[in-house]
Structure formats: C-alpha cells, structure tokens
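Student: Pasting a structure below so you can have a look.
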Amino acid sequence: MKKIIGNLLVLLGAIFMTLLLGEATIRLLYPTISNYNMEMWRYASDLKQPTANPGLPFHHFPDKEGDYYGVHIKINSMGFRSRELKAVKPERIKRILLLGDSFTVGWGVPFEETYSALLEKYLNKKGNGAEVVNMGVGNYNSIMELEFFKLKGLELSPDLVILMYFINDMEPTPALTTSFKYSLVKNSYLVAFLFDRYIKLQPLMNKSYDWKEYYSNLYKEGSPGLSTNQEALKELIEICKGRGIQLLIVNIPELRVLKEYPFPSATEFVRGIAREGGVPFVDLLPDLAGEEPSTLWVSPEDPHANSKANAIIADAIIKKLMQDPSLLRFPR
C-alpha cells in the first residue's frame with residue numbers, strides 16, 4: 001500500500017510539473033503562437049468582470065485597457081469602449097447608445113475607425129451636438145444587451161438606442177461562476193491554448209459539424225435560447241417606448257457569405273420583431289453584399305468587421321438617420 005501511494009504521489013507530482021512547465025512555455029512563446037481564439041480569451045480574462053446576475057454574467061471592468069489582436073482597447077470609467085462622458089447628459093446634446101457584442105466593441109479595429117466613433121464624428125461635423133456611447137461587450141446576446149442597458153444605459157438618459165443585432169444573438173446566456181474552474185480558465189494560458197486546439201480539431205472529430213447549420217438551428221422552434229432572447233428584444237422595445245426613447249434595430253449579416261446569403265430566415269425573424277413592435281429596422285446586407293467577403297474581415301481567421309466594413313456600416317446608419325429624422329430630432 002505504501003508503495004502504491006508513493007508511486008501515485010510521484011505520478012501526481014510529475015503531472016503537476018508537466019502542467020507547470022507547459023504553462024510557462026505557452027506564456028513564454030505566446031507572442032509567436034497567439035491567434036484569434038487566444039486573443040479573445042485574453043480579452044475576456046483581462047477586461048471582463050463577472051457579476052452575480054444570471055442574466056448578465058459579465059461586463060467590462062471600468063478603467064482597464066490593453067492590446068488585443070493588434071488593437072488597443074481602452075474601457076472608460078463607466079465600463080464602455082468610449083471616450084469619457086458624464087452620466088448627466090449635457091444640454092442641447094443628443095445621446096445615442098449602441099448596444100451589441102464584439103462587432104460593436106470594434107474587435108480588431110482602432111477605436112477611431114469603429115462605427116460608433118465614425119457616427120459621432122459625422123453628426124458633430126454636421127454641426128449637431130451628439131454623443132455616441134459604445135456599450136458593446138464581446139460575447140453578449142440579446143438578453144445580456146438588455147440587462148446591460150437596464151443596469152448602465154437607462155441612467156444616461158439616451159435620446160436614441162441603436163441595437164446592433166448579429167445572428168448569434170439568439171445563443172443561450174453563458175453561465176459564469178467565481179469557482180476554481182472559472183479561475184483556472186481565466187488565468188491559465190495552457191488551458192486557453194488547449195481549448196484553441198480543441199476548437200480547431202472539432203471539424204476533424206465531428207464531420208457532421210457545419211457552422212451554417214449551427215446558426216440556422218438557433219432559430220428553430222425549441223432551440224435553447226430562442227424564446228428568452230426573443231422576449232428580451234420585446235422587453236427592450238417596450239422599455240424604450242415607455243420612456244419615450246427612440247429605438248433603431250440594425251441587422252449585421254454574417255460576413256463569410258454575402259451573395260446568396262444563407263440566413264434569410266434569421267434576418268426575417270428579427271425584422272418581424274421590429275415590425276411587430278413598430279420599430280425602424282435596417283438590414284445591412286444590401287450595403288455589404290457587393291463586397292468580396294474577405295475584404296471585410298479583420299483577418300483571414302476572423303470574420304469580424306474590419307475598418308472598411310465599419311465604415312460601410314456607419315454610412316448605412318447615417319443614411320437611415322438622415323432619411324428618418326424622427327429618430328434623432330436635434331434641438332434648434
């Protein structure tokens with residue numbers, strides 16, 4: 001028995017030392033092996049603060065910053081990737097809140113080239129006093145965007161809310177705890193490296209996996225997040241109506257396939273919610289469909305909207321605001 005216990009302790013010690021060596025090696029080599037998945041993990045590890053709200057498991061830490069995927073991301077004192085602003089809206093200023101996920105954060109894009117910054121620059125260039133607040137947080141779905149709006153957006157007294165909707169906003173809300181497992185995933189470069197390799201092996205291990213089918217299944221009756229995210233969208237509409245806040249819903253298409261777009265049912269789903277709630281709606285697909293998809297991506301491995309795509313998105317939003325002045329009545 002003593003020999004067995006001794007051998008077991010030696011084995012456990014060897015495993016521990018191997019993991020420790022692996023962690024040290026990955027940290028040392030990280031600049032040369034980092035990629036999209038690992039940089040997204042590092043962004044989440046550094047800038048996302050867990051909460052006790054099951055509907056909002058995390059939001060940005062205030063006053064934190066770092067370089068991720070070649071771009072500097074700075075979070076202001078309110079927890080937004082925006083310039084500093086006061087909670088009390090200045091007189092004669094129209095305040096616009098953008099709700100969304102990593103597309104709205106501007107993943108992989110310098111802040112001044114994000115569609116939120118371009119929109120603010122345009123409106124103020126025209127002589128209108130406008131503040132555009134980027135409330136995007138990576139990996140948010142519709143439920144989390146609603147909860148974040150209720151937590152931090154309503155107190156800013158917005159005149160207009162623009163919901164930047166993406167097809168995966170129908171995913172279930174992730175569970176997040178402060179347990180040992182969470183701490184390990186948050187702090188271990190080795191775990192992040194192994195998870196990245198696991199993701200890349202999935203297509204080889206599971207021949208039936210198809211990303212198009214995955215997105216389509218999010219909108220099938222009975223899918224895990226469909227009803228709860230749908231109700232969140234409806235609640236956002238009701239809150240804005242009840243408080244006299246203008247709301248615009250903007251649909252961002254999946255940027256990997258733009259011609260013969262494979263997800264018209266997802267677009268019609270969110271368009272239908274907007275129509276039912278009497279909310280203006282913009283589908284960005286017509287504005288982006290004429291472009292070669294890869295020219296709109298942050299990188300060949302990352303189909304987030306790059307600076308070019310952000311400029312096209314900003315122009316489409318501006319066009320809608322100019323066509324429908326009821327969305328943004330500037331003071332005389």
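Values quoted throughout were computed directly from the atomic coordinates according to the rules given, and no laboratory measurement underlies them. Remember, predicted model here, so these are calculated numbers, not experimental data. Neighbour counts run over all protein chains shown; Cβ positions are idealised from the backbone, glycine included.
Student: Work out how much length ILE318 to ALA24 would gain on full extension: take 0.36 nm times their residue separation and subtract the Cα-Cα distance, in nm to one decimal.
Tutor: 101.0 nm
Student: Same structure again: Collect residues whose amide H, placed 1.01 Å from N in the peptide plane, falls under 5 Å from the amide H of VAL132; neighbours closer than 5 in sequence don't count.
Tutor: ILE96
Student: Per DSSP H run of at least 4 residues, take -39500 (n - 2.57); add these up for the chain, divide by its residues and hand me the 222 nm value, nearest 500 deg cm²/dmol. Present the calculation step by step, with values, prior to reporting the outcome.
Tutor: Working: 12 runs with 150 residues, N = 332.
For the chain, the value works out to -14000 deg cm²/dmol.
Student: Between LEU184 and ARG329, what length in nm is gained on full extension when 0.36 nm per residue of separation is reduced by their alpha carbon distance?
Tutor: Details: separation 145, 0.36 × 145 = 52.20 nm, distance 4.95 nm.
Here the segment from LEU184 to ARG329 would lengthen by 47.2 nm.
Student: Hey, another quick one. Given a cut-off of under 8 Å on Cα pairs at least six residues apart, what relative contact order in percent is computed for segment 227-332?
Tutor: Details: 93 pairs, mean separation 28.1, N = 106.
Reported as a whole number, the value is 27 percent.
Student: Sticking with this one: Would you please name the trypsin sites (Lys or Arg not before Pro) within segment 95-186 that are DSSP coil residues with at most 15 other C-beta atoms within 10 Å of their C-beta?
Tutor: On the way: sites: ARG95, LYS121, LYS125, LYS126, LYS150, LYS152, LYS181, LYS186; in loops: LYS126.
When the trypsin sites (Lys or Arg not before Pro) of segment 95-186 are filtered for loop state and at most 15 Cβ neighbours within 10 Å, LYS126 remain.
Student: Now a separate question. So for THR295, THR228, THR114, THR267, fewest C-beta neighbours within 10 Å to most, what's the order? Don't skip to the end; give the middle numbers.
Tutor: On the way: THR295 10, THR228 15, THR114 29, THR267 20.
If I rank by nearby Cβ atoms, fewest first, I get THR295, THR228, THR267, THR114.
Student: Using the Cβ atoms and a cut-off under 13 Å, what net charge is assigned to the surroundings of SER34, where Lys and Arg are +1 and Asp and Glu are -1?
Tutor: For residues surrounding SER34, the net value is -3.
Student: Please say if segment 218-332 is rounded, prolate or oblate, where rounded means a/c under 1.5 for a ≥ b ≥ c the square roots of the C-alpha gyration tensor eigenvalues, and otherwise the choice is prolate for a/b larger than b/c and oblate otherwise?
Tutor: oblate
Student: Label-point separation (nm) for LYS259 and LEU201, each offset 7 Å from Cα along Cα-to-Cβ?
Tutor: Modelled inter-label distance: 3.8 nm.
Student: Taking a ≥ b ≥ c as the square roots of the eigenvalues of the Cα gyration tensor of segment 31-91, is the shape rounded (a/c under 1.5), prolate (a/b larger than b/c) or oblate?
Tutor: Values: a/c = 3.50, a/b = 1.51, b/c = 2.32.
The shape class here is oblate.
Student: Return the subset of LYS150/LYS234; LYS48/LYS74; LYS74/LYS126 for which the Cα-Cα distance in this structure is over 19 Å, preserving the input order. Walk me through the numbers on the way to the answer.
Tutor: On the way: LYS150/LYS234 14 Å; LYS48/LYS74 12 Å; LYS74/LYS126 27 Å.
Over 19 Å Cα-Cα: LYS74/LYS126.
Student: For a label point 7 Å from the Cα of SER216 along Cα→C-beta, name the residues of segment 233-268 whose backbone N is under 19 Å from it.
Tutor: Answer for segment 233-268: 253-268.
Student: Shifting gears a bit: Which FRET efficiency value, to the nearest 0.05, is calculated for LEU194 and ASN7 with the Förster distance at 30 angstrom and r the Cβ-Cβ distance?
Tutor: Numbers: r = 26 Å, r/R0 = 0.88.
Given R0 = 30 Å and the Cβ-Cβ separation, E is 0.70.
Student: Which ³J(HN,Hα) values in Hz, rounded to whole numbers, follow from the phi angles of segment 262-267 under the Karplus curve 6.51 cos²θ - 1.76 cosθ + 1.60, where θ = phi - 60° and Gly and Pro get x?
Tutor: In residue order, the calculated couplings are x, 10, x, 5, 5, 4 Hz.
Student: Hey, what angle do you get for helix 115-125 against the long axis of the chain, alpha-carbon based, 0 to 90 degrees rounded to 10?
Tutor: Tilt of helix 115-125: around 30 degrees.
Student: With the Cα gyration tensor of the chain giving a ≥ b ≥ c as the square roots of its eigenvalues, does the rule (a/c under 1.5 for rounded; else a/b larger than b/c for prolate; else oblate) give rounded, prolate or oblate? Please list the in-between numbers first.
Tutor: Working: a/c = 1.93, a/b = 1.71, b/c = 1.13.
Prolate, since a/c reaches 1.5 and a/b exceeds b/c.
Student: Under a 5 Å amide H to amide H cut-off, with H placed in plane at 1.01 Å, what residues pair with TRP297 once short-range neighbours are removed?
Tutor: Placed amide hydrogens put ASN306 under 5 Å from TRP297.
Student: Return, ordered by residue number, the residues of segment 25-57 whose backbone nitrogen is under 20 Å from a label point located 7 Å along Cα→Cβ of LYS150.
Tutor: Answer for this model: 49-57.
Student: Work out, step by step, the length gained on full extension between LYS308 and THR295: first 0.36 nm times the residue separation, then minus their alpha carbon distance; give nm to one decimal. It would help to have the intermediate numbers written out before the result.
Tutor: On the way: separation 13, 0.36 × 13 = 4.68 nm, distance 0.78 nm.
Net length gain for the segment: 3.9 nm.
Student: Taking the Cβ of GLU131 as the centre, find all other residues whose Cβ is under 10 Å away and add up their charges (Lys, Arg: +1; Asp, Glu: -1). Kindly include the intermediate steps, with their values, before the conclusion.
Tutor: Numbers: positive: ARG83, LYS86, LYS89, LYS94, ARG95; negative: GLU120, ASP159.
Combined, the nearby Lys, Arg, Asp and Glu give +3.
Student: Please work out the C-alpha center-to-center distance from segment 263-332 to segment 142-174 and express it in whole Å.
Tutor: Spelled out, the Cα-based centre of one part sits 16 Å from the other.
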